[in-house]
Amino acid sequence: MPVDDAPDDEGDAAPRQSYNFAPGYHGVVYRADVPDWGAGPQRQHTNSSGEAVKESHAGGGGNDPASKSKSVSYKLQSMKWGLIPFWTKRNPDYGSMMKTINCRDDSLAQSGGMWSTMKARKRCIVVAEGFYEWLKKDGSKDKIPHFVKRKDGKLMCFAGLWDVVQYENSKQKLYTYTIITTDSNKQLNFLHDRMPVILDNGSEDIRTWLDPKRSEWSKELQALLKPFEGELEVYPVSKDVGKVGNNSPNFVVPIDSKENKSNIANFFAKGTAKKNATEQQPQVKVKKEEGFVTEDLTKTKEESKPATGLKREAEDKLVGSEPPKKVATITSPQKGAKQKISATSNRTKSPNKANQPGTQKITKFFANSS
C-alpha cells in the first residue's frame, strides 16, 4: 500500500515503541488522507446530548474525495489508543476512554449509535506485530498471558476507526482510534471468544476498507469484519507483561523456549562462577562490630522496540451501545472490570534499531506490499 506521509519519531504525540503497548499510548494508524470530518462532504450530526453538531475542519488538510479531480493518497499517522468522539467538549476520564479502546463488529451492524459517523467515513488500519490475550484457568483466578502473531512473520493490520476532537478553549487537536473485534477463529477459541479483525496488507479487502469514496456504511464493508482465516502462532509468555510500565523483548518470547531457558542457565552459571571466585579468595576474619556492607543489586531497564504487542485484556469494557465485554492487546488486540491498565510512560529508551530484528521502517513495509 502507498504511503504519502508519515509521523515524526519525536515529540509528545510520536508513536510509542513498546513490547507492552497499553491504552493511552500513541500507535501507528494507516488511513486515507481525508479532511478531519472524514470521507465525503461535510455534514451535520447529533451528539449524545441530542444537540446538532457540525464536524469541524480547522486546518486538517487532506484530500476531499467529493472532488473527482483530486487523486486519493494514504498516510501513516500517530494516534492515541482509546477513541474520543469529535463532539466531546472536555477531556474524558480514564474510565471513559477505556470503554472505547475496542468496538464490536456486531455493534456496527446496527443503525445509529456513537459509531455511525466513524464507520462510514473514518475507517483506518492499526499496525502492530501482534497482541496479548490472557487465558484463565478453570476454577482459578490465575491468568496466563499469551502472545499472538502471524505465522508468516508479517505485521498485523487491524481494522479500526478514528476520530479527531478539539476540546473547548483548546487550540490543540487530538486524534484517537479504536480497534474492531469479531468472533475468534478456531485457532484462538480456547483462549478467548473475541479477536481483532485482521486484514492482509495490499489485499483487495484492505483497499475496500480504506476507500474514501465509500462514505456510506454497506453490507460489503460489514462483511469484511470476520475472523482471520490465515495461520497464527500463539504461545504463553512471561506474566511480567501484565504490569504496565514493564517493557522487555522477552515478553514476545515463549516461556518454554530455548532462548529463555538459556537465559536462566546463564543466570545460574554466572552465580556459580561468582561463588567459585569467592571461594578462591583468602578467608578473612571479621570482627562482630565491623558488620557487613551489602551490594545494592538493581535490575537494568529493558530498552524498548517498535510497538510489538497490544493488550486485549481490557476488552471487557466495550463501547457505546454494546454490552460490557473484554478487549484486546496489539503489541495489537483486554478484559474485566477489575483489570486496571495504566497509560503511564515506561521511561525507556529505544535501542539501536540497526541491531534489532524486525525493526524496519513501517513505510518500507507498506512500500514492499504495494
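No value in this document is a laboratory result; all are computed from the given coordinates. Worth saying up front: this structure is predicted, and the values here are computed from it rather than measured. Cβ sites come from the backbone with ideal geometry, for glycine too, and all protein chains shown count toward neighbours.
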#### Entry: Computed over region 143-200, the ratio Rg/Rh where both radii use C-alpha atoms and Rh is Kirkwood
1.15
### Message
For the pairs 75/171; 137/243; 151/173; 122/151; 171/213; 75/154, flag any whose C-alpha to C-alpha distance is greater than 27 Å.
### Response
151/173; 122/151; 171/213
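At 37 °C and 0.692 mPa s, what whole-number value in µm²/s does Stokes-Einstein give for the translational diffusion of region 62-216, with Rh from the Kirkwood sum over Cα pairs?
On the way: Rh = 17.5 Å.
Rounded to a whole number, D works out at 188 µm²/s.
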#### Entry: Peptides 192-200, 231-239 ordered by average Cβ neighbours within 10 Å, highest first
192-200, 231-239
#### Entry: Rel. contact order, % - alpha carbon contacts under 8 angstrom, at least six apart, region 112-227
26 percent
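Do any chymotrypsin sites (Phe, Trp or Tyr not before Pro) in region 89-196 lie in a DSSP loop with no more than 15 other beta carbon atoms within 10 Å, and if so, which? Numbers along the way, then the final one.
Values: sites: 94, 115, 131, 132, 134, 147, 158, 162, 167, 175, 177, 190; in loops: 115, 167, 190.
Qualifying residues, ordered by number: 167, 190.
Take every Cα pair under 8 Å in region 108-179 that's 6+ residues apart, average their separations, divide by the length, and report that relative contact order as a whole percent. Walk me through the numbers before you get to the answer.
Working: 98 pairs, mean separation 20.9, N = 72.
After rounding, I find 29 percent.
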### Cut-off 14 Å, label 7 Å out along Cα→Cβ of residue 90, residues of region 156-184 by amide N
167-170
